[in-house]
Amino acid sequence: QVQLAESGGGLVQAGGSLRLSCAASGRIFSVNVMGWYRQAPGKQRELVADITSSGSTNYADSVKGRFTISRDNAKNTVYLQMNSLKPGDTAVYYCNLRVGPANAWGQGTQVTVSA
């Protein structure tokens, strides 16, 4: 069983920055993909960014150049640095850990960007 604990959400003005953190605990295989998804009201959950245990990254086009994903394998923690935030980034952000077909999700953290 894997548990994911997110932190770092909040309210910020457009142009501002936030940093999300997600710590994984439990039975964690060393080879995995950790990532961030988001879901805005009335919309489907979408991938924001993910990173493999070897450090390969993948970003949604809408956040390229503004968001940076990183991880600390020793701490089983993934981070999302979000800069130049826009009102369109407002959503609940969910941490995800994937090993093959198996997924674990965090409870979500709200990010609200005011105009």
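The values are calculated or read from the model by the stated rules, or taken from the named source; none is laboratory data. On a predicted model such as this, the values are computed, not experimentally measured, just so you know. Neighbour counts run over all protein chains shown; Cβ positions are idealised from the backbone, glycine included. Note: areas computed on protein heavy atoms with side chains; ligands, DNA, RNA excluded. Shrake-Rupley method; radii C 1.70, N 1.55, O 1.52, S 1.80 Å.
Selection of region 98-113 for residues being open to solvent by 40 Å² or more (accessible area, probe 1.4 Å) and part of a strand (DSSP E or B) yields Arg98, Val99, Ala102, Asn103, Trp105, Gln110, Thr112.
Report whether or not Ser84 is polar (S, T, N, Q), part of a loop (DSSP other than H, G, I, E, B) and under 26 Å from Ser114 (Cβ atoms). In short, yes. Looking only at region 73-97, which residues are exposed (fewer than 15 other Cβ atoms within 10 Å of the Cβ) and at pLDDT below 95? Once the filter is applied, which keeps residues that are exposed (fewer than 15 other Cβ atoms within 10 Å of the Cβ) and at pLDDT below 95, region 73-97 yields Asn73, Ala74, Lys75. Among residues of region 56-85 that are of a type in the set (Phe, Trp, Tyr), those with a beta-carbon under 6 Å from a residue that is part of a strand (DSSP E or B) and open to solvent by 20 Å² or more (accessible area, probe 1.4 Å) at least six positions away or on a different chain give the pairs Tyr79/Ser21; Tyr79/Ser70. Number of residues in region 39-63 that are outside any loop (DSSP other than H, G, I, E, B), surrounded by 11 or more Cβ atoms within 10 Å (Cβ to Cβ) and out of contact with any helix residue (DSSP H, G or I) (no Cβ under 8 Å at 6 or more places or on another chain): the value is 9.
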